[in-house]
Amino acid sequence: MEAPARRRARLRAAFVALSTSCALLFTLTPAAYAEPDPEESTTAPTDPPVTTEPPTPPASPTEKPTTQSPTPRPTTKAPPPPAQKVRKFTVSVSDVVLGDAYWQGNGASKLVVSVQNLGETPETITGFYTFPSGTRATGGYGIDGCRTSNGTLSFSCPLAPGKIGRIVVDVDVAPDAWRLSGSGNVTAVMENFPEKVRNFSITFSTKPPVPGIELTADPLTLPSQATPRTETATLQVKLRNTGSAKAVGAVEVVTPPGVDVVSFPSVCRAQRKLSPERSRCELGDVAAGKEVPAGFVLSISASARAEVPLTGAVHGYLAPIGLDPVETRTDYKITGPPLAGEVELPTDAPASPVAVTGSQLSSLPFIGGIIGLVALVGFLVVFSLRRRLRDESATPDEPGMRDDSGPRDDASQRLVPEPRRSDEDLPPLPQRTPMPRSLTLPRLPKGPVAGSSFRQPEE
């Protein structure tokens, strides 16, 4: 019984292995599903039918042959060249904004770059950014197809038409960077297309906690216009001495790129350019509790007007007699409605996406999953058959098998035949009468034997 059961189990295992192999081959052979190409014909081309025209009867001698002018061929106009598809993109950049945590030693902030493909074809927009003094990048990520590279110092955004991508850069600002007031920029470029540069500033939502001085600057709002052009606006600044002693005051105006101070207020005792973007105005003595207003005329170029909103800064100084000078800072905004056709992109920082292993999915993981599933099913079937085989071999159907009802050792999974008993334990065989090897019968006399019908033939 054991040998047929093993043979059946082996046949089942072979059948399962064969079916598993066939399933794998069927799964990995997509050509089996390929449909014939309708454009490819399997029949040989046939020649067009030949038509014979009846012969033209000869003209009679009295008829004159008529001549016809050839029929003019229709003129075909060349198709117009295909119109070139529009290629255009735009970019927006946020400022690096710091709050109360900065004055307590935490200079972490974010820079957000948004790009949009405004063209009619898929495009890849690449770019990089530079930071002002006292600011450095510490990390970053991209969403909606964008990714960072080169230690987050550059980015790349493959975008479909109309798609918007964003890059978030983690930055760290040094504790004394608020005194420097520099600006950074982001350069974005598309292949065979002029690059676009957008500037950003390091701004502070709260003022430095410095006692004895107060500084304010009013925002500037530009009028609406169809095309960018150079225009002027007046920046109003107020410096107040909140201390208890007279102090010498000064104001420095820091302008964003494309903006320049073209006129100083009359309250300035002296003025000079510290750098192309930084101008200083000496106010002289400022009594305790006194406020000094000052209006600076700014010239805003057409390129700067196209990038609004812009951010600038104003630094105020007071030097009391016999005391250390104090410094504070405030920021101002230059805003205005967007130009015709310009759209301001969102520059809020989205959450970091979940890390993925690749930017695009392929069919390999799907095929691998199918193979793993089929292999797992085959393994489970074979394991089940082998377990059933062990159960059948452990059933005490044959004589000589031992079936103990008590507990068995786990290491032994099947019963074994009992050993043969020795000849001493066997019961004695019954005694038989020994048979001689040959029998010697008595010779009978001639003639019929008594009690038989045998007769000796007559001679």
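Annotations
- Restricting the first member to the stretch 300-324 and to residues that are under 19 Å from Glu252 (Cα atoms), and the second to residues that are hydroxyl-bearing (Ser, Thr, Tyr) and in a loop (DSSP other than H, G, I, E, B), the beta-carbon pairs closer than 7 Å and six or more apart or on different chains are Ile300/Thr230; Gly312/Thr255; Ala313/Ser181; His315/Ser181.
- Lone unmet requirement of (1) touching a Ser or Thr at 6+ places or on another chain (Cβ under 6 Å); (2) outside any strand (DSSP E or B) for Asp260: (2)
- Cross-chain or 6+ apart pairs with Cβ under 6 Å, the stretch 195-223 first and touching a residue at least 24 places away in the same chain (Cβ under 8 Å), then aromatic (Phe, Trp, Tyr) and surrounded by fewer than 16 Cβ atoms within 10 Å (Cβ to Cβ): none
- Residues of the stretch 121-135 classified as surrounded by fewer than 14 Cβ atoms within 10 Å (Cβ to Cβ) and charged (D, E, K, R), total: 0
- Taken together, Asp324, Asp348, Asp285 contain a single residue that is out of contact with any Leu (no Cβ under 9 Å at 6 or more places or on another chain), within 24 Å of Leu98 (Cβ to Cβ) and among the acidic types (Asp, Glu), which is Asp348.
- Being assigned to a strand (DSSP E or B), within 19 Å of Leu215 (Cβ to Cβ) and at pLDDT below 95 is a property that does not hold for Leu323.
- Condition met for Phe296 (over 23 Å from Ser92 (Cα atoms), modelled with pLDDT under 85 and not hydroxyl-bearing (Ser, Thr, Tyr)): no
- Within the set Thr347, Thr311, Thr328, the sole residue that is part of a loop (DSSP other than H, G, I, E, B) and either modelled with pLDDT of 85 or more or not assigned by TED's automatic domain parsing to the domain that holds Asp218 (or both) turns out to be Thr347.
- The strands (runs of 3 or more DSSP E) located wholly in the stretch 84-159 that include 2 or more residues which are farther than 30 Å from Asp176 by Cα and either more than 26 Å from the chain's Cα centre (by Cα) or polar (S, T, N, Q) (or both) occupy 108-117, 123-130.
- Within the stretch 206-229, considering residues that are at pLDDT 90 or above and exposed (fewer than 15 other Cβ atoms within 10 Å of the Cβ), the one farthest from Ile321 (Cα to Cα): Thr221
The values are calculated or read from the model by the stated rules, or taken from the named source; none is laboratory data. Predicted model only: the values in this text are computed from it and were never measured. Here Cβ is always computed from backbone atoms with ideal geometry, including for glycine, and neighbour counts include all displayed protein chains.
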